[in-house]
Structures are given as C-alpha cells and as structure tokens.
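Peer 1: Quick one: structure below, then a few questions.
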Amino acid sequence: MHLQTFLRHARPSRTAVAVSATALALVAVSACGSDSSSTSAAAGSGGTTDFKVVLPWYADAEGGGFFAAKAEGLYEDQKLDVTLQSGGPQVSATQLVAAGRAQVGFADAAGIVQARQQGIPIVAIGALYQDNPVGVMTHKDSGITSFDDMDGKTWVTQTGQLGPAWVKKKTGIDFSTQVYQGSIANFLKKDSLVQQGWPTNEAYQAQKAGVEVDFIPFSDSGYNPYNDVFFTSESYLKSHREELTAFLAASMQGWQDYMGDVSVAKTANAAILKANDQQTSGSVWYAWDKQRKYVVAGDGKKQLGTMTADRWNTLIDQMKQLGQLKGTPKAADLYDSSLLPKVAAPSALPAAPDGSY
C-alpha cells in the first residue's frame, strides 16, 4: 500500500482539544448571542428540526450507527432533519458546537475535560465506546506482547495522547517517541517500532500490507476514558433537551441495528462509501466487525452510550496524576446521561458477510 493511501485512511485519536484564539472567539460569540440565533437548530421543512452532527472522523464505520439511523428513517420519525457532517483534522467540532453551528460533536472523555478547563462550555451526553479502543500494535513476530516488553523501544505516538504517559507512570517502563503523522509506513518496515493506532484503521492497513500484528489497548494499563463521546453545548442542553432526547433515541437504536443486523449494516455501509470514496468496502466491513466489542463492553451491554460518575472521576484522578489539570473538575459538570434511552446492545453480534474483508 502506498504512503498516499496510508495518509488517506489513517486516523489518529482525538484526545487533546486544541483551543486557539479563534476557538475562544467563537465561544464568546456564542455566549453573547441569543439561544434562537446561536445555539438552536433551525426549523426544517414539514415540521422537522434541522440538526447538525459533526462526525468523529470522515464518513466511516465509526459513524455507522448514525448512517443506519438516517437510512432507517429513525431521525425522521423523531421529527429531526439530521445532517451528518464529516469530521477530520481540519474540522473542529468543539468550535462548531460551542458557537452553535452544530448541535452535537465528538471527542474522547479527556478532550471534554480539557475543553472545560479552557473555558469551552461543552457537556458530554453519551459515550459510544465503553472500552476505549485506542492503543498500540506490534509486529506479531517481534515477540512483543505486553507493555513491559515495550521498555526501551521507540513508540510512534500522537502528540497529546495521554495513554503512553499513563503506561510509563503505571508500569515504570521508559521509551522514546516519534510523532505519528498519519502513516504507518515506518512501522511496517521496522518490526521493533511500537505503533499507536486503532484496532480498526491501523490494524487493517497492516493486514492489507501483509504484516501480522498484535494490538494492545491502553485500557489494559488501566487508562480507559470513554471515547467517541457525544457532546453538546451547555446552552443547547439547557434549552433543547427534547431535541437531544430525540436524537439520542434514534441514534442508539441505529447503533443497535447497525451492530446486530447485517442487512441494516449493508445499507449503512453503502451510504458511508457514497459519502467517502477514500474508504473501501473491505475497510468499512473490517471496522464494523472489530469495533463492536468496544461499544458493547461493560455497561454498554445493558445500555448503549451510558456513562457513570465513577468512570469520569477515575479519569479526573488520572489526569491529575499526569499533571494535566488545574484544580479538580466536578464530574457532574462534565456529563449528563439523563437523556439517554434504555437501548441495550444487540443480543448477538453476527459475523461479517463472507468475503467482506
């Protein structure tokens, strides 16, 4: 696989929320505006409400449940006209949501804490990945199978990712780092490197390149913040709870259907491929298959998207230990799970269609 292709498909994790002067200006504009002009979704046609969602990344299986909900008409049933806007490295969902230009965006839980620390009034309203899938992969033939085995190695990591820092603190190992810039080409050529990534994107790239890998999530070290956390602005949460409740009801049903019904997944994946021609059918089906266990893990088995104060408080404590916080934020200020529907994980996770990847 050529380097250009790697850059198209690789996706770093979205941990730190970079806050520029522009972002703070947008927040100020949003705060000064009225609810009707700056933070509310516009009225759509036919009695529906326009509702914009900034996806976690470009259109891919990570947003599959939303494409499923749209294809099944679940948003329409809830009187919402939902636009799924692609994310990506040049799109700041934090800025868009804080300024009222979108109603929902995504970050990981540490990103929510960091945004709040910097004065951006966003609130988590659900969490897709109950077990955070971000971690590192190693060449299977390297003999590296644990974090202890990675002592003294070079890790290719994303700037701002807290997982490696926690591994160092928790295990006592040491390692040098290279900045991950979206390509695993160096990792493929050098079997002593440790490569940060996801068990969906980077692992699929390695497989297609003929390199067998082992994948170890940072959660194995105890660092397990929620990921793909749905967030909205404080003002929108306060004044539009009905619309957010409707969005979450349709979305969680869409995710249940997407993960548990292959026919729904086929339709949603076709929509993903139409929206993003840089994906392939194989990459989408691989991600569909591999990501599901992280969505339905733990409390997600009984309620998709759920969040608890214990998990948020654990993260706060870990970020304090890593010197990432000024003061101690209150978990209650970071999230509100009261709008989530009681949608359980699918009773079974069917296999991917034969030959799909």
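Peer 1: For a quick check, take a GNM of the chain with Cα springs below 10 Å and name the residue from Gly305, Gly327, Gly163 with the largest mean-square fluctuation.
Peer 2: Gly327
Peer 1: Based on the alpha carbons, how large is the Rg to Rh ratio for the stretch 234-301 when Rh follows Kirkwood?
Peer 2: For the stretch 234-301, the value is 1.07.
Peer 1: How large is the charge dipole for the chain, taken about the Cα centre, if only the Cβ atoms of Lys, Arg (+1) and Asp, Glu (-1) carry charge, to the nearest 20 debye? Spell out each step's value before the answer.
Peer 2: On the way: 30 positive and 34 negative charges, 109 e Å.
The calculation lands at about 520 debye.
Peer 1: Same structure, new question: Report the gain in length on full extension from Gln181 to Asp50: 0.36 nm times residue separation, minus Cα-Cα distance, nm rounded to one decimal.
Peer 2: Details: separation 131, 0.36 × 131 = 47.16 nm, distance 3.55 nm.
In short, 43.6 nm is gained.
Peer 1: Identify which of Asp220, Asp131, Asp228 has the largest mean-square fluctuation in a Gaussian network model of the chain, with springs joining Cα atoms closer than 10 Å.
Peer 2: Result: Asp220 has the largest fluctuation of those listed.
Peer 1: Helix-only mean residue ellipticity at 222 nm, the chain, DSSP H runs n ≥ 4 weighted -39,500 (n - 2.57), per residue, nearest 500. What is it? Please list the in-between numbers first.
Peer 2: On the way: 16 runs with 144 residues, N = 357.
The helix-only estimate for the chain comes to -11500 deg cm²/dmol at 222 nm.
Peer 1: Here's another thing I want to ask about it. Taking the Cα centre as origin and putting +1 on Lys and Arg beta-carbons and -1 on Asp and Glu beta-carbons, what dipole magnitude results for the stretch 109-198, to the nearest 20 debye?
Peer 2: Values: 8 positive and 7 negative charges, 50 e Å.
Dipole magnitude for the stretch 109-198 comes out near 240 debye.
Peer 1: Rounded, prolate or oblate: pick one for the stretch 203-326, where a ≥ b ≥ c are the square roots of the eigenvalues of its C-alpha gyration tensor, a/c under 1.5 means rounded, and failing that, prolate if a/b is larger than b/c, else oblate. It would help to have the intermediate numbers written out before the result.
Peer 2: On the way: a/c = 2.02, a/b = 1.17, b/c = 1.72.
It comes out oblate by the Cα gyration axes.
Peer 1: Considering only Trp166, Ala246, Trp312, whose Cα is most displaced toward the positive end of the charge dipole of the chain, charges sitting on Cβ of Lys, Arg (+1) and Asp, Glu (-1)?
Peer 2: The one lying farthest along the dipole's positive direction is Trp166.
Peer 1: Going by the alpha-carbon gyration tensor, a ≥ b ≥ c the square roots of its eigenvalues, is the chain rounded (a/c under 1.5) or, if a/c is not under 1.5, prolate (a/b greater than b/c) versus oblate?
Peer 2: Details: a/c = 1.73, a/b = 1.26, b/c = 1.37.
Oblate is the answer for the chain, as a/c is 1.5 or above yet b/c matches or exceeds a/b.
Peer 1: Just want to confirm a number: the relative contact order over the stretch 73-156, from Cα pairs under 8 angstrom separated by 6+ residues, in percent. Walk me through the intermediate numbers first.
Peer 2: Values: 28 pairs, mean separation 11.9, N = 84.
It rounds to 14 percent for the stretch 73-156.
Peer 1: Another question about this same structure. By accessible area of protein heavy atoms, probe 1.4 Å, what ranking do Arg241, Arg116, Arg292 get, highest first?
Peer 2: On the way: Arg241 95, Arg116 60, Arg292 10 Å².
In descending accessible area the options line up as Arg241, Arg116, Arg292.
Peer 1: If you take the C-alpha gyration tensor of the stretch 84-171, multiply each eigenvalue by 5 and take the square root, what semi-axes do you get, largest first, in whole Å?
Peer 2: Working: eigenvalues 210, 42, 28 Å².
Equivalent ellipsoid of the stretch 84-171: 32, 14, 12 Å, largest first.
Peer 1: Taking only Cα atoms and a 10 Å spring cutoff, compute GNM fluctuations for the chain and point out the largest among Ser347, Ser337, Ser281.
Peer 2: Looking only at Ser347, Ser337, Ser281, the biggest GNM fluctuation is shown by Ser347.
Peer 1: Now for a separate question. Considering only protein heavy atoms and a 1.4 Å probe, what is the carbon-and-sulfur percentage of the accessible area of the chain? Present the calculation step by step, with values, prior to reporting the outcome.
Peer 2: Working: 6960 of 14770 Å².
Roughly 47 percent of what the probe reaches on the chain is carbon or sulfur.
Peer 1: Heavy atoms of the protein only, probe of 1.4 Å, neighbouring chains included. What is the accessible area of Leu237 in Å², nearest 10?
Peer 2: For Leu237, the solvent-accessible surface is approximately 20 Å².
Peer 1: Go through the stretch 306-335 and name the trypsin sites (Lys or Arg not before Pro) that are in a DSSP coil and have 16 or fewer other Cβ atoms within 10 Å of their Cβ.
Peer 2: Working: sites: Arg311, Lys320, Lys326, Lys330; in loops: Lys326, Lys330.
Passing sites in the stretch 306-335 are Lys326, Lys330.
Peer 1: If you don't mind, there's one more thing I want to ask. Which is farthest toward the positive dipole end of the chain among Pro199, Tyr357, Val123, measuring Cα position about the Cα centre, with Cβ charges +1 (Lys, Arg) and -1 (Asp, Glu)?
Peer 2: Val123
Peer 1: Under a 1.4 Å probe, what is the accessible area of the chain per residue, stated in Å²? Intermediate results must be reported in sequence, preceding the final value.
Peer 2: Numbers: 14770 Å² over 357 residues.
Result: 41 Å² of accessible area for each residue.
Peer 1: Go through the stretch 295-309 residue by residue and turn each phi into a ³J(HN,Hα) via Karplus (6.51, -1.76, 1.60, θ = phi - 60°); whole Hz please, and just put x for glycine and proline.
Peer 2: 6, 9, 5, x, 5, x, 4, 8, 8, 4, x, 5, 9, 10, 5
Peer 1: Shape of the stretch 167-270 from its Cα gyration tensor (a ≥ b ≥ c, root eigenvalues): rounded if a/c is under 1.5, otherwise prolate when a/b > b/c, or oblate?
Peer 2: Values: a/c = 2.78, a/b = 1.58, b/c = 1.76.
Because a/c hits 1.5 or more and a/b fails to exceed b/c, the stretch 167-270 counts as oblate.
Peer 1: How much of the DSSP beta bridge set in the chain is antiparallel, as a percent to the nearest 5?
Peer 2: If I count the DSSP bridges inside the chain, around 55 percent turn out antiparallel.
The values are calculated or read from the model by the stated rules, or taken from the named source; none is laboratory data. A quick note: this is a predicted structure, and the numbers were derived from the prediction, not measured. As a convention, Cβ positions derive from the backbone with ideal geometry for all residues, glycine included, and neighbour counts pool all protein chains shown. Calculation scope for accessible area: heavy atoms of the full protein, side chains included, ligands and nucleic acids excluded. Shrake-Rupley method; radii C 1.70, N 1.55, O 1.52, S 1.80 Å.
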